[in-house]
1. Quick one: of K247/K279; K12/K67; K241/K279; K288/K338, which pairs are farther than 23 Å apart, Cα to Cα?
2. Once you put a point 7 Å from the Cα of L153 and another 7 Å from the Cα of T85, both along the Cβ direction, what distance in nm separates them?
3. Please list the non-local residues whose amide H lies under 5 Å from the amide H of F173, H modeled 1.01 Å from N, same-chain partners needing a gap of 5 or more.
4. Tell me, what HN-Hα J-couplings in whole Hz come from the Karplus equation 6.51 cos²θ - 1.76 cosθ + 1.60 at θ = phi - 60° for each residue of the stretch 233-239, using x for Gly and Pro?
5. With axes computed from alpha carbons, what is the tilt in degrees of helix 302-315 against the longest principal axis of the chain, rounded to the nearest 10 within 0 to 90?
6. Too long at a 28 Å Cα-Cα cut-off: which of K106/K224; K60/K106; K60/K286?
7. Just need log10 I(q)/I(0) for the chain at q = 0.07, 0.12, 0.14 Å⁻¹, Debye formula, equal scatterers on the alpha-carbon atoms, no solvent, rounded to two decimals.
8. Under 11 Å from the 7 Å Cα→Cβ point of E182, by amide nitrogen: which residues of the stretch 275-318?
Amino acid sequence: MVQTERLLKLYKDLIRIPSVVGEEEEVAAFLADHLTAAGFEVQVHRYGEEARPNVVARLKGEEAGPKILLSGHLDTVPVHDGWETDPFQPVEEGDRVYGLGACDMKGGLAAMIEAARSLAESGEAFRGEIILGFTSDEEGRSEGTYSLIQDGLIEADMAVVGECRFNPMVLGFRGRYSLDIEVRGEVAHASEYPLKGENALINAARLAIGLEELPVGEHPAMGKGSACLRYFSGGEPRVLKVPDYCKLLYERYVVPGESQEQIWEQVQKLVSALGLAGKVSVSWSKRKGPFLEGFAVSEDEEIVRAAAAAFQEVTGEKPGYGYDPSVCDANYISQLMKIPVLTFGPSGANWHAPNEYGLKSQVIAAAQVYLGMLQRLLT
Ligand SMILES: [Zn+2]
């Protein structure tokens, strides 16, 4: 049985520890101690030049069996303007708890911990292994999860990511690819244009319109891919010259079936069709790991069925299934670990915005659902 008071205390304790992306040290240390005291086998894993922390905690069953990864992120987005309460103090209002990370995703962390702990404390024998993989940098570039996977620390047969998606549960996310594009022209005195010089901004504008019109992929369940030109910069406002350089950042949200190669080809063809060959250089934006690819898991996966049955038992309702237009750590788990991953956790509102709040009732229900799911899979 889930202990709700203990669960809600942990939830609020986590909100009190600031963990803005890049500053995850304190919350990692807190959780390492908390999980050790709760009987988990704990490891603080570090990666990168700054030795940023991930926390991995294990509970091993008595016999061999499935390994289940419960994944969550330690970090939050930075504080946005407009908070009406202290974002690092949980403020309760009915079922709501206001605070940074109250929705995304400190309730998910607390619920996962409580579920695993409750199973161990129940005295009921279980098989297999529960692995809590709590990561830094999810709000950055998912380097925490990437490093845990690369270092072989969260090998598992199936996974749940505890992001704030309660009902519908999320079976898939789109992927995201980014291209850096440089467009060149030819410098001249601005007064002599267009007789002399070639305007890189005009070249870039023609390319930008072309990019906007490129076809995107479509997936039967997830819908369409999309594109966003996110950056466009060139010229010098104080100097009378024809701009000879413009930089663009073009981003594609992709559905399963759209590949990096296809997008590369689309852009190259467009550049040629516009007569801009030789004036445009295109490169994939640099990042530590590969780009996040889109994925969709089947409703028939064991982990989905177990979570859905537990959800129905806890709430009395069948969960819906949805797909998310953005990306998260679940993308890397699917793409690099090649295991089924369900995204489900307690929700609320205003995440990535001021006055974020979570719902206590969902934190409790999510813990009960995780517990029911673990029991179905491991006992
Ligand atoms: Zn999140």
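1. Details: K247/K279 12 Å; K12/K67 29 Å; K241/K279 18 Å; K288/K338 19 Å.
Table pairs above 23 Å Cα-Cα are K12/K67.
2. 3.3
3. Hits under the 5 Å cutoff: F295, D324.
4. 8, x, x, 10, x, 9, 10
5. Long axis of 302-315 versus the principal axis of the chain: about 60 degrees.
6. Details: K106/K224 31 Å; K60/K106 24 Å; K60/K286 38 Å.
From K106/K224; K60/K106; K60/K286, over 28 Å: K106/K224; K60/K286.
7. So the normalised log intensities work out to -0.37, -0.90, -1.13.
8. 280-283
Coordinate-derived values only; no laboratory data. Please read these numbers as outputs of a predicted model, since none were measured by experiment. Cβ coordinates were reconstructed from backbone atoms using ideal geometry, including for glycine residues, and neighbour counts include every protein chain displayed.
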